[in-house]
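Okay, so here's the structure we're looking at.
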Amino acid sequence: MRRFYRLLSFFIAAVAVGAPGLAQTPVDWIWTARYVVTMDEQRRVIENGAVAIRGDQIVEVGSRAAVDKAYQAKQRLDRPDAILTPGLINTHTHAAMSLFRGIADDLRLQEWLEKFIFPAEAKKVDAEFVRWGTRLACLEMALSGTTTFTDMYYFEDTVAAATKEAGLRGMLGETIIGFPSPDFKTPQTALAGTEKFFQAFANDPLIIPAVAPHSIYTNSDETLKAARELADHYSKPLVIHLSETKTENDESLAKR
Ligand SMILES: [Zn+2]
């Protein structure tokens with residue numbers, strides 16, 4: 001009798017998936033595209049490819065035929081003319097500066113920074129400026145396929161909130177600089193603020209906190225060493241502007 005029920009339940013399961021021995025695994029989504037760019041170790045580009053997704057995890061990447069055979073999706077996104085790729089990564093930005101776009105943007109770096117940007121930041125930048133500027137930048141990044149970015153700015157906790165709100169991933173660092181900034185008046189307080197930022201976003205799935213001394217020409221050697229020590233102590237990345245212009249290189253070589 002038990003054997004009969006076992007056979008019966010096998011029969012019901014086989015009917016449920018349409019064919020015996022071909023049980024499909026349930027997933028939330030199947031996305032298909034003309035080309036799926038995997039960026040895996042073999043750098044495979046799969047024509048008529050598909051991606052199966054459960055929760056926030058990619059379960060399978062393969063040919064559309066193979067994925068459709070193995071998985072049963074609750075929802076589908078079929079884009080027969082599209083390329084489906086991993087998100088792009090913007091490795092350097094100051095997202096909130098989207099609101100300064102167009103200010104004196106045809107000048108050399110030092111003149112642009114010292115005569116226009118640093119004064120504009122001293123006058124205009126507060127947490128709300130950063131919130132709206134970062135929201136705009138995140139929208140533009142998402143629309144152009146960028147899913148992760150590195151940022152160095154002020155009010156970085158507000159940058160983090162806007163980044164999470166957009167569903168993007170950010171490696172974010174509070175600017176440490178040798179003059180009073182819009183939120184921290186000394187490099188020492190910016191270092192302490194960075195440490196607090198680490199604690200606030202210690203286990204966040206989308207935020208990677210970093211140490212962000214602005215550059216070697218806007219910080220003392222003492223501050224730079226303290227920044228390195230802080231990054232090492234917490235095993236966090238350190239981001240910095242380095243060797244951006246001939247002037248910076250010439251002056252750095254002369255000084256050191
Ligand atoms: Zn920069």
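The values are calculated or read from the model by the stated rules, or taken from the named source; none is laboratory data. Note that the structure is a prediction, hence the values are computed from the model and not measured. Heads up, the Cβs are rebuilt from the backbone with ideal geometry, glycines too, and the neighbour counts pull from every protein chain shown. Protein only, heavy atoms only, side chains kept; ligands, DNA and RNA dropped before computing areas. Shrake-Rupley method; radii C 1.70, N 1.55, O 1.52, S 1.80 Å.
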Using the structure shown, list the pairs from Lys124/Lys225; Lys123/Lys185; Lys196/Lys225; Lys164/Lys236; Lys164/Lys196 with a Cα-Cα distance above 22 Å, or answer none.
Lys124/Lys225
Mean separation of Cα contacts under 8 Å (at least 6 apart) over the residue count of the chain, i.e. the relative contact order in percent, is 12 percent
Only Cα pairs under 8 Å and at least 6 apart count here; give the relative contact order of segment 23-84 as a rounded whole percent.
45 percent
For the full complex of protein chains and a 1.4 angstrom probe, list Arg135, Arg256 by accessible area with the highest value first.
Arg256, Arg135
Springs between alpha-carbon pairs under 10 angstrom, Gaussian network model over the chain: which of Glu140, Glu195, Glu222 fluctuates most?
Glu222
Mind grabbing the base-10 log of I(q)/I(0) for segment 80-190 at q = 0.17, 0.21 Å⁻¹? Debye formula, identical points on the C-alpha positions, no solvent, two decimal places.
-0.83, -1.16
Heavy-atom accessible area of His233 with all protein chains present, probe 1.4 Å, nearest 10 Å²?
140 Å²
Counting only residues 5 or more places away or on other chains, whose amide H sits under 5 Å from the amide H of Tyr153 once H atoms are built in the peptide plane?
Gly173, Thr175
GNM result for the chain, Cα springs below 10 Å: residue of Thr186, Thr146, Thr134 fluctuating most strongly
Thr186
If contacts are Cα pairs under 8 angstrom and at least 6 residues apart, what is the relative contact order of segment 143-256 in percent?
23 percent
Just in segment 30-110: which GluC sites (Glu not before Pro) are loop by DSSP and have at most 13 other Cβ atoms within 10 Å?
Glu41
Could you report segment 29-121's accessible area per residue, 1.4 Å probe, as an integer in Å²?
66 Å²
Mean shadow area (nm²) of the C-alpha convex hull around segment 126-246 is 7.7 nm²
Between helix 221-234 and the chain: long-axis angle, C-alpha atoms, 0 to 90°, nearest 10
20 degrees
Would you kindly derive the ³J(HN,Hα) couplings of segment 189-196 from the backbone phi angles with the Karplus curve 6.51 cos²θ - 1.76 cosθ + 1.60 (θ = phi - 60°), listing them in order in whole Hz, with x for Gly and Pro?
5, 5, 5, 5, x, 5, 5, 5
What's the extension gain from Arg34 to Leu143 if we count 0.36 nm per residue and subtract their Cα-Cα distance?
37.2 nm
Computed on Cα atoms, the radius of gyration and Dmax of segment 65-132 in angstrom are 22.0, 62
Quick check: at a probe of 1.4 Å, how many percent of the accessible area of segment 88-255 sits on carbon and sulfur atoms?
57 percent
Compactness ratio of the chain: Cα Rg over 2.2 N^0.38 Å, N = residue count?
1.40
Provide Ile208, Ile176 ordered by accessible surface of protein heavy atoms (probe 1.4 Å), highest first.
Ile208, Ile176
Along segment 142-149, Karplus-curve 3J(HN,Hα) (6.51, -1.76, 1.60; θ = phi - 60°) to the nearest Hz, with x for Gly and Pro, reads 4, 5, 9, x, 8, 10, 9, 9
Given backbone amide H placed at 1.01 Å from N, residues whose amide H is under 5 Å from that of Ile208, ignoring those fewer than 5 places away on the same chain, are Gly170, Met171, Leu172
Non-local amide H neighbours of Thr146 (under 5 Å, H modeled in plane, Pro and chain starts lacking H): which ones?
Leu88
Ordering Ser144, Ser63 from largest to smallest accessible area (1.4 angstrom probe), what's the sequence?
Ser144, Ser63
So, how do all the Cα-to-Cα distances of segment 35-94 break down into 5 Å bins, in percent, from 0 on up?
4, 15, 26, 25, 15, 7, 5, 2, 1, 0
Accessible area of Leu139 in the full protein assembly, 1.4 Å probe (Å², nearest 10)
100 Å²
